[in-house]
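The values are calculated or read from the model by the stated rules, or taken from the named source; none is laboratory data. Keep in mind it's a predicted model, so treat the numbers as computed, not measured. Here the Cβ is made from the backbone with ideal geometry for all residues, glycine too, and neighbour counts use every protein chain on show. For the accessible areas, the whole protein counts, side chains as well, though only heavy atoms, and no ligand, DNA or RNA atoms are used. Shrake-Rupley method; radii C 1.70, N 1.55, O 1.52, S 1.80 Å.
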Amino acid sequence: MEIVTRREERCLEIILKGELDHHGAHEIAGQLERSIESALPLPKTMILDFSDVGFMDSSGIAVVMRARQRMRELGGCIVLRNAGPQPRKVLEAAGLDRFVTLE
């Protein structure tokens, strides 16, 4: 899995590409944290774009929750965008739609 970051003012957009599974979840979580910390001023909104994620397992849930927690610590929020059918099913089954905005 790879990520592409875009920044506009206090919004940090992360485009995820590949499979978000247990093989890469720890590394992706670390990359997200580094992206947040290197964005100055610190972001108030993080958008995770799932357009290019074809598969996600429960490890992806942990990644999203970790990012959500970090953004909450900064007084911000997280938005999940363009999740395809399989990742969206995992996100909704885990009840993440109660904690984050799914677009």
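Between residues in the stretch 39-51 that are of a type in the set (A, V, I, L, M, F, W, C) and outside any strand (DSSP E or B) and residues that are open to solvent by less than 20 Å² (accessible area, probe 1.4 Å) and at pLDDT 95 or above, which pairs lie under 7 Å by C-beta distance while being six or more apart or on different chains?
Every condition considered, the pairs that remain are A39/L12.
If we keep just the residues of the stretch 12-38 that are open to solvent by less than 40 Å² (accessible area, probe 1.4 Å) and in a strand (DSSP E or B), which is nearest to V90 (Cα to Cα)? Full working, then the answer.
Within the stretch 12-38, the subset open to solvent by less than 40 Å² (accessible area, probe 1.4 Å) is 12-16, 18, 20-21, 24-25, 28-30, 32, 35-36.
Next, only the ones that are in a strand (DSSP E or B) stay: 12-16, 18, 20.
Details: L12: 23, E13: 21, I14: 19, I15: 18, L16: 16, G18: 16, L20: 11 Å.
Residue satisfying both the conditions and the ranking: L20.
For the structure I just gave you, tell me whether F55 is farther than 24 Å from R7 by Cα, of a type in the set (F, W, Y) and outside any loop (DSSP other than H, G, I, E, B). Don't jump to the end; show me each part of the working.
Numbers: farther than 24 Å from R7 by Cα: yes; of a type in the set (F, W, Y): yes; outside any loop (DSSP other than H, G, I, E, B): yes.
Here the answer is yes, as F55 does meet what is asked.
Any residue at all in the stretch 36-45 that's at pLDDT below 95 and under 13 Å from the mean Cα position of the chain (by Cα)?
Filtering the stretch 36-45 down to residues at pLDDT below 95 leaves 36-42.
Checking which are under 13 Å from the mean Cα position of the chain (by Cα) leaves us with 36.
Yes: one or more hits.
Residue-wise test of (1) open to solvent by less than 70 Å² (accessible area, probe 1.4 Å); (2) at negative phi; (3) touching a helix residue (DSSP H, G or I) at 6+ places or on another chain (Cβ under 6 Å).
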{"residue": "D57", "(1), (2), (3)": "yes, yes, no"}
{"residue": "V63", "(1), (2), (3)": "yes, yes, yes"}
{"residue": "Q69", "(1), (2), (3)": "no, yes, no"}
{"residue": "G75", "(1), (2), (3)": "yes, no, no"}
{"residue": "I78", "(1), (2), (3)": "yes, yes, yes"}
{"residue": "N82", "(1), (2), (3)": "no, no, no"}
{"residue": "Q86", "(1), (2), (3)": "yes, yes, no"}
{"residue": "A93", "(1), (2), (3)": "no, yes, no"}
{"residue": "D97", "(1), (2), (3)": "no, yes, no"}
